[in-house]
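Below is one structure, written out as structure tokens, with a few remarks after it.
The values are calculated or read from the model by the stated rules, or taken from the named source; none is laboratory data. From a predicted model like this one, the values you see are computed outputs, not experimental measurements. Glycine also receives a Cβ, built like all others from the backbone with ideal geometry; neighbour counts cover every protein chain displayed. Calculation scope for accessible area: heavy atoms of the full protein, side chains included, ligands and nucleic acids excluded. Shrake-Rupley method; radii C 1.70, N 1.55, O 1.52, S 1.80 Å.
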Amino acid sequence: MAAERIHLLQHPATAPADATLAIHHGESFADGTGTVMPPIYATSTFAHGNPGGFDYTRSGNPNFRILEGVLASVERCDHATVFGSGVSAITAIASTLQQGDLVLCEENLYGCTVRLFEQVFAKFGVRTEWVDFTDPSALTAIVERQPAMVWLESPTNPLLKVIDLEAVCSAARGAEVPVVVDNTFATALVQRPLQLGATLSLTSTTKYINGHSDALGGAVCTDAPDWHARMVFAQKALGLMPSPFDCWLITRGIKTLPLRLRQQIENAAVLANHLAEHPQVDWVRYPHRADHPQQAVALRQMQGGGAIVTIGLNTSREQAYAVCKALRWFTMAESLGGVESLICHPATMTHAAVSPEVKSKLGITDGLIRLSVGCEDVADLITDLDQALATLS
Ligand SMILES: *Cc1c(COP(=O)(O)O)cnc(C)c1O
């Protein structure tokens with residue numbers, strides 16, 4: 001079945017692996033040149049009646065279409081639509097809602113998703129309720145509340161809570177409720193939400209997919225033609241499209257996604273185990289570790305534990321901040337997923353504006369640190385973390 005969906009290969013008998021699909025794209029549109037990499041189609045408009053069916057870049061460009069083809073084949077789905085950022089992709093999906101609609105959201109959604117619902121779409125009458133989707137009562141809530149949409153993210157930021165996507169999607173399907181999964185932290189190589197029953201799989205391609213911290217992008221993948229039509233409409237009608245150049249960079253970046261991610265996951269697993277033994281570290285959260293509260297679901301649903309490791313230090317906010325600043329190979333910065341390791345102290349960075357009550361509800365303590373593990377040599381990363389943690393004693 002998966003083979004039928006593969007856009008690039010005309011021989012359905014052999015289903016190519018992710019590493020092959022990530023590297024090869026279909027048409028380059030550059031007839032007669034033999035170009036191996038597609039050109040950058042820096043044009044706002046196209047001559048009417050061209051064979052590619054292009055008219056104006058807000059509604060489509062060869063660089064969008066090339067990237068959409070690669071993303072759909074790696075996700076093994078029928079359709080991908082690209083956007084200018086992950087937030088644009090979220091906006092595209094949310095723009096399909098009507099006044100009065102209810103969205104049942106996982107309580108730990110990415111901060112910008114929460115802000116968009118609470119500060120923008122709320123003004124247009126879109127309602128949200130926040131629930132813990134690891135709690136079985138959330139499944140009953142889908143049936144009882146009859147939302148217009150269920151919005152999930154797994155693993156969540158920054159505490160890496162893992163939601164049983166198959167269980168939630170199956171309950172939602174029974175109630176005929178579409179499910180959106182923000183798959184940014186995992187990518188299609190680690191988990192495939194559509195195969196687990198989701199309607200839409202959304203990704204900030206800014207992160208792992210591009211992987212080099214040099215472009216912003218977003219994408220929505222789906223097998224449903226009506227949802228695909230809505231995404232194409234939103235791309236054009238809301239002006240959410242990316243730039244051809246950013247699509248070109250992301251098309252280049254995704255070629256090494258399987259290689260990069262393999263190394264990053266391997267490094268992350270080693271660091272998680274190392275940090276768990278470290279006397280200065282209070283706790284470690286990593287989806288495939290035995291001490292993760294949803295390890296069983298993570299083992300079933302995720303191919304590898306991902307490349308984010310979250311730790312808790314039993315220190316003040318200032319001391320935790322100082323540890324982050326004392327690192328050499330981890331840059332203290334927001335974002336994640338690039339080849340370079342980054343470290344984030346949510347209490348002073350991503351969650352600085354969040355009230356103490358909400359922070360405590362989300363489990364964001366002063367000593368919480370999130371590591372986005374890169375492709376550096378893991379021994380160097382260990383040495384670096386050890387020297388920074390040693391400044392505490
Ligand atoms: C970064 C991120 C987004 C937003 O993506 P941008 O490309 O920064 O707009 C959405 N969801 C998750 C989980 C993210 O990490």
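Among 92-100, 150-158, sorting by the average number of other beta carbon atoms lying within 10 angstrom of each residue, highest first, gives 150-158, 92-100. Using Stokes-Einstein with the Kirkwood hydrodynamic radius over Cα pairs, what translational diffusion coefficient do you get for region 301-355 at 20 °C and a viscosity of 1.002 mPa s, in µm²/s rounded to a whole number? Stokes-Einstein gives a translational diffusion coefficient of 170 µm²/s.
From the P(r) of region 161-249, can you give the percent of Cα pairs sitting at distances over 15 Å? The proportion of pairs with Cα distances above 15 Å equals 63 percent. Less than 5 angstrom separates the built amide H of D282 from those of G312, L313, N314, all sequence-distant by 5 or more or on a different chain.
On full extension, the segment bounded by D31 and W130 gains 30.6 nm, given 0.36 nm per residue less the C-alpha separation.
In sequence order, region 220-226 has phi-based couplings of 10, 10, 7, 9, 8, x, 5 Hz under the Karplus curve 6.51 cos²θ - 1.76 cosθ + 1.60, θ = phi - 60°, and Gly or Pro positions carry x. Residue ranges 371-378, 173-180 sort as 371-378, 173-180 when ordered by packing (mean number of other C-beta atoms within 10 Å per residue, highest first). Compactness check for region 32-186: Cα Rg over 2.2 N^0.38 Å is 1.26.
Each peptide in 43-56, 347-360, 243-256 was scored by the mean count of other Cβ atoms within 10 Å over its residues; highest first, the order is 243-256, 347-360, 43-56.
By the scheme Lys and Arg +1, Asp and Glu -1, what is the net charge of all other residues having a beta-carbon under 12 Å from that of V114? With Lys, Arg at +1 and Asp, Glu at -1, the net is -4.
The chain gives an Rg/Rh value of 0.97, both radii derived from C-alpha positions and Rh following Kirkwood. Couplings for region 232-249, taken from phi via the Karplus curve 6.51 cos²θ - 1.76 cosθ + 1.60 with θ = phi - 60°, read 5, 4, 5, 4, 8, 6, 9, x, 9, 5, x, 9, x, 5, 5, 5, 5, 4 Hz in order; Gly and Pro are left as x. Using Cβ point charges alone (K and R +1, D and E -1), the dipole size of the chain about the Cα centre works out to roughly 440 debye.
For region 123-177, the fraction of alpha-carbon pairs lying more than 14 Å apart is 53 percent, rounded to a whole number. First compute the accessible area of the chain with a 1.4 Å probe, then give the percent of it belonging to carbon and sulfur atoms. In the chain, the share of accessible area belonging to carbon and sulfur is 53 percent.
Shown here: region 257-392, whose C-alpha atoms stretch 37, 32, 27 Å along the first, second and third principal axes, sorted largest to smallest.
Placing unit charges on each Cβ (+1 for Lys and Arg, -1 for Asp and Glu) gives the chain a dipole about its Cα centre, and among I163, W283, I40 the Cα reaching farthest toward its positive end belongs to I40. Helix-only arithmetic for the chain: the sum of -39500 (n - 2.57) across DSSP H runs with n ≥ 4, divided by the residue total, places the mean residue ellipticity at 222 nm at -10000 deg cm²/dmol.
Only lysine pairs 8 or more places apart, or on different chains, with alpha-carbon atoms under 23 angstrom apart are counted in the chain, and they number 7.
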